[in-house]
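Visitor: Sharing a structure below in structure tokens format, with a few things to ask.
The values are calculated or read from the model by the stated rules, or taken from the named source; none is laboratory data. All values derive from a computational prediction rather than experimental measurement. Virtual Cβ from ideal backbone geometry, glycine too; neighbours counted across all protein chains shown.
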Amino acid sequence: MTVTKTEAVTKTRYKVYIDGQFAFVLYKGELSRYHVKEGAELSEGTYEKIRGEVLVKRAKLRAMHLLNAMGRTEAQLREKLKQGGYPEDIIDEAVAYVKSFGYVDDVNYARNFIEGRKEKKSKREIQMLLKGKGISDGDVERAMEECYAKEDSLQAIRKLAEKRHYVPEEASYEERQKLMAYLMRKGFSYDDVCSVVHGSR
């Protein structure tokens, strides 16, 4: 294996290309320690040592640090590690490591997300937001089933109506229609919207 290129990412971090392909990112001191420089031959043993002793350990620590900073979905964590220049199989190891401690749990993330927003947003809005964070349809559905009751949707509609100073008994036909259109656009069901807008519940 030949080191065909080393490319500075920052003053201390370098992308390393082997046989013309991007391989990994190393710090300046690591380049010296493992004799990684353009044109140098890299033995299989050294290559595996870099991956096993340096990259896997660093990726695991990086994953832990990212999760300490804030809760993330598996897809978000993978994306951050990818941005850090970690190879796909190293990312797999780091994700498996943090998952083994329960630090990444998409269903739990979705549950917390739903509980914090279900009084202000419709189920459809929340579903779209969760899917946008890379959570699978199955995990989103499971969390939805666990967190939602019929009353939650009605409560969210009531809160939005109150925010707009809507009083069913005093509202004109136009005001009702306008509020219904707004709530339907937010993703609430027609039956639930009608029941609140017309003051039946």
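Visitor: Does the stretch 59-71 contain at least one residue that is touching a helix residue (DSSP H, G or I) at 6+ places or on another chain (Cβ under 7 Å), over 29 Å from Asn108 (Cα atoms) and not assigned by TED's automatic domain parsing to the domain that holds Gly134? Working first, answer last.
Guide: From the stretch 59-71, those touching a helix residue (DSSP H, G or I) at 6+ places or on another chain (Cβ under 7 Å) are 59-60, 62-64, 66-67, 71; that's our starting set.
Those still in the list that are over 29 Å from Asn108 (Cα atoms) too: none.
No, that holds for no residue.
Visitor: For Glu38, which of the numbered conditions (1) surrounded by 15 or more Cβ atoms within 10 Å (Cβ to Cβ); (2) touching a Lys or Arg at 6+ places or on another chain (Cβ under 8 Å) fails to hold?
Guide: (1)
Visitor: Taking the stretch 137-176 as the search range and keeping residues that are among the aromatic types (Phe, Trp, Tyr) and surrounded by 12 or more Cβ atoms within 10 Å (Cβ to Cβ), which one is farthest from Val197 (Cα to Cα)?
Guide: In the first step, residues of the stretch 137-176 are kept if they are among the aromatic types (Phe, Trp, Tyr); the result is 148, 166, 173.
So of that shortlist, the ones also surrounded by 12 or more Cβ atoms within 10 Å (Cβ to Cβ) come out as 148, 166.
Details: Tyr148: 21, Tyr166: 8 Å.
Across the stretch 137-176, the extreme among qualifying residues is Tyr148.
Visitor: Of these, Gly134, Gly116, which one is in contact (Cβ under 8 Å) with a residue 24 or more places away in the chain and either more than 19 Å from Val193 (Cα to Cα) or outside the structural domain of Arg13 (by TED's automatic domain parsing) (or both)? Write out each step before concluding.
Guide: Details: Gly116 fails: in contact (Cβ under 8 Å) with a residue 24 or more places away in the chain.
Going through Gly134, Gly116 in turn, just one is in contact (Cβ under 8 Å) with a residue 24 or more places away in the chain and either more than 19 Å from Val193 (Cα to Cα) or outside the structural domain of Arg13 (by TED's automatic domain parsing) (or both): Gly134.
Visitor: Same structure, new question: Do the conditions hold for Ala181, that is, is it within 30 Å of Val104 (Cβ to Cβ) and not assigned by TED's automatic domain parsing to the domain that holds Glu115? Explain how you work it out, then say what you get.
Guide: Working: within 30 Å of Val104 (Cβ to Cβ): no; not assigned by TED's automatic domain parsing to the domain that holds Glu115: yes.
So Ala181 does not fit the description; no.
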